[in-house]
Ligand SMILES: [Zn+2]
């Protein structure tokens, strides 16, 4: 069983492992195609936008709201 150094972090990994045990970089140069990364990004964008709009609505100051009963009670 031979040990091969990782191209990224230099950790010695066995030849049988597919990814570096330290940085998880694929040792044999088999990288995930970029299209998967783009697909993940496209899937994340709607979630990020929803979260941003929710946070914006939550942070926006609410207008003071008085019910008619409260208004008459103050007089
Ligand atoms: Zn590594």
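Below, the figures for the structure above:
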quantity: Single condition residue 46 does not satisfy, out of (1) modelled with pLDDT under 90; (2) more than 16 Å from the ligand (Cβ to nearest atom); calculated: (1)
quantity: Neighbours by Cβ (under 7 Å, 6+ apart or cross-chain): first from the range 1-16, within 8 Å of residue 27 (Cβ to Cβ) and modelled with pLDDT of 90 or more; second more than 7 Å from the ligand (Cβ to nearest atom) and part of a strand (DSSP E or B); calculated: 13/3; 13/4
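The values are calculated or read from the model by the stated rules, or taken from the named source; none is laboratory data. This one's a predicted model, so the numbers in the text were calculated from it and none came from an experiment. Note that we place each Cβ from the backbone using ideal geometry, even for glycine, and neighbour counts take in every protein chain shown.
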